[in-house]
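Everything on this sheet refers to the single structure shown next.
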Amino acid sequence: MPSLRFSGGMLVVWNKQTVDVLDTRMGVFSISISCRLVDENFLSLHTGVYGLNDKGILVAFWAELDATRAWVNYPWCIGGDFNLIRYTHEKMGGTQMTRFMNEFADFERRHELVEYPLEGAHFTRSDNRRYPVMTKIDRLRDS
């Protein structure tokens, strides 16, 4: 996927000996592959996400991901930089619950996604200032 604004783009790689890619789908905010594990004949959908730090485009962001999920009915692994926090404790110092956090929760419920927990860290981003703003905006989820 080419770079967009300040992002560096996305790249998806796989081992052709173990993964057979059936189809690909590229959107504005994501890139997806439907694939089959060669040895197990297991079908799955994998999506890499980059959500711009622009709340004005979230309707389009969620619509793209909803359409991606509707593309195939395989187990779904979705991960990347959502540029959103889901819970108030995912921002150092906390924050109030927002409409955007509720939309994220609705998306998770709609697609029955379970998050893989972080190990060894509470946050995935810091602005590296003397008094940093730290957040958890990078995620990996599975259906």
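For segment 1-40, a residue qualifies if it is modelled with pLDDT under 90 and surrounded by fewer than 12 Cβ atoms within 10 Å (Cβ to Cβ), and the qualifying residues are P2, S3, R5, F6, G8, G9, L11, V13.
If you go through segment 8-46 and keep only what is of a type in the set (V, I, T), within 17 Å of W76 (Cβ to Cβ) and out of contact with any Leu (no Cβ under 7 Å at 6 or more places or on another chain), you end up with V12, V21, T24, I31, I33. Whether a residue is of a type in the set (A, V, I, L, M), free of Cβ contacts under 8 Å to residues at least 24 places away in the same chain and in a strand (DSSP E or B) was assessed, and V21 passes this test.
Mind telling me which of the residues N53, N73, N83 ends up being on the phi > 0 side of the Ramachandran plot and in a loop (DSSP other than H, G, I, E, B)?
N83
Counting just the residues of segment 37-48 that are touching a Ser or Thr at 6+ places or on another chain (Cβ under 8 Å) and not polar (S, T, N, Q), which one comes out farthest from W71 (Cα to Cα)?
Filtering first and then ranking leaves D39.
Return a yes/no flag: does segment 100-112 have any residue that is under 12 Å from the mean Cα position of the chain (by Cα), assigned to a loop (DSSP other than H, G, I, E, B) and without any contact (Cβ under 8 Å) to a residue 40 or more places away in the chain. Even if it seems obvious, please write down each step before you answer.
Keep residues of segment 100-112 that are under 12 Å from the mean Cα position of the chain (by Cα), which gives 104, 107-108.
Those still in the list that are assigned to a loop (DSSP other than H, G, I, E, B) too: none.
No: segment 100-112 contains no residue that is under 12 Å from the mean Cα position of the chain (by Cα), assigned to a loop (DSSP other than H, G, I, E, B) and without any contact (Cβ under 8 Å) to a residue 40 or more places away in the chain.
Looking across segment 54-72, not a single residue is exposed (fewer than 12 other Cβ atoms within 10 Å of the Cβ) and either of a type in the set (S, T, N, Q) or in contact with a strand residue (DSSP E or B) (Cβ under 8 Å, 6 or more places away or on another chain) (or both). Scanning segment 47-85 for residues that are under 18 Å from R109 (Cβ atoms) and of a type in the set (S, T, Y) yields a total of 2.
The values are calculated or read from the model by the stated rules, or taken from the named source; none is laboratory data. Keep in mind it's a predicted model, so treat the numbers as computed, not measured. A quick note on method: Cβ atoms are made from the backbone with ideal geometry, for glycine too, and the neighbour counts reach across all protein chains shown.
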